[in-house]
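Before any comments, here is the structure.
The values are calculated or read from the model by the stated rules, or taken from the named source; none is laboratory data. Since the model is a prediction, treat every value here as computed from it, not as a measurement. Quick reminder, even Gly has a Cβ in these numbers, built from the backbone with ideal geometry, and neighbours come from all protein chains shown. Keep in mind that these areas ignore ligands, DNA and RNA; they rest on the heavy atoms of the full protein, side chains included. Shrake-Rupley method; radii C 1.70, N 1.55, O 1.52, S 1.80 Å.
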Amino acid sequence: MIRDITIGQYYPADSVIHKLDPRTKLVGTIGFIVSVFLFHTFAGYAVATIFLAGMILLSKVPVKFIFKGLKTIFMLLLITIFFNMILTPGEVVWKLGFIKITKEGLVLAGTMAIRLVYLVIGSSIMTLTTTPKLTDGLERLLRPLNKLHVPVHDIAMMMSIALRFIPILLEETDKIMKAQIARGADFENGNLIQKAKNMVPLLVPLFISAFRRANDLAMAMEARCYHGGDNRTQMKPLCYKKRDHMAYVILAAYLAVAIGFRAAGI
């Protein structure tokens, strides 16, 4: 389960998506997320599916690797589907005691499931195809907020560090779990309370390791005279290219279709 989390990881490949400017991918991801909430019919989600499938093919990231990340939200997905089915009022299609499943609940449950899955896959594609230059892209997009004295560089740096720490901490968790299992720890059997108690030998060394890594990172940044975003330069400045403009055109056309479908009720 630990190795199934793909958000925050980077998958190296020679693809058009990998070569896009980080700003383009950030805007594209946000646009796709917005479109998922605009669609509410089968035809709309079919368009979103075609668009998402095209992005997966262009990214050259293995489909199995992308869908592996869905295992981590499986329980959340089941809970979302269940409560939407039984708590949504409408025409009852099945009843057992006080539990009622309605037709409207089934439709809403399917819609929410599709949205949740697409949000995870869309976000995963962005992180899997983007190097740490994601920080630079986020900072450039939020640069207008500097006029309001918002610490844009610090916010972008913290978000990037947090995102990139995810796979590091997951790998550390996997190592600690294997070490504890080799010493007789049991993380699978027992009731909920016993499983929670069994997690203590895992959480303590994990927190210690996380604080140690954070301290090492802070010392490394201080040793390199890092003092925030004031007057900082970039070794590789971001620059839009022809493929980025083409990507914006494709995204604009896709969003136009999404808005058109929403307006027409399709």
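For this structure, a couple of remarks:
- Kirkwood-type radius of the range 55-147, with distances r between different C-alpha atoms, in Å: 16.1 Å
- Packing around the peptides 87-98, 24-35, taken as the average count of other Cβ atoms within 10 Å per residue, puts them in this order, highest first: 24-35, 87-98.
- The convex hull around the C-alpha trace of the chain, projected and averaged over every direction, spans 19.5 square nanometres.
- Close amide-amide hydrogen proximity is noted between Val93 and Ile101, Thr102, Lys103, each under 5 Å apart and 5 or more residues distant or on a separate chain (H modeled in the peptide plane; Pro and chain starts excluded).
- With all protein chains in place and a 1.4 Å probe, the accessible surface of the range 1-117 carries 76 percent carbon and sulfur.
- Evaluated at q = 0.18 Å⁻¹: base-10 log I(q)/I(0), Debye formula over Cα of the range 36-103: -0.92
- In order along the range 96-109, the Karplus-derived 3J(HN,Hα) couplings, from 6.51 cos²θ - 1.76 cosθ + 1.60 at θ = phi - 60°, round to 9, x, 8, 8, 10, 9, 9, 4, 5, x, 4, 5, 5, 5 Hz, and Gly and Pro are given as x.
- Net charge contributed by nearby residues that have their C-beta within less than 12 Å of Leu87 (K/R +1, D/E -1): 0
- Centre-to-centre, using Cα atoms only, the range 90-126 and the range 161-217 are separated by 33 Å.
- Per residue solvent-accessible surface (Å²) - the range 1-140, probe of 1.4 Å: 51 Å²
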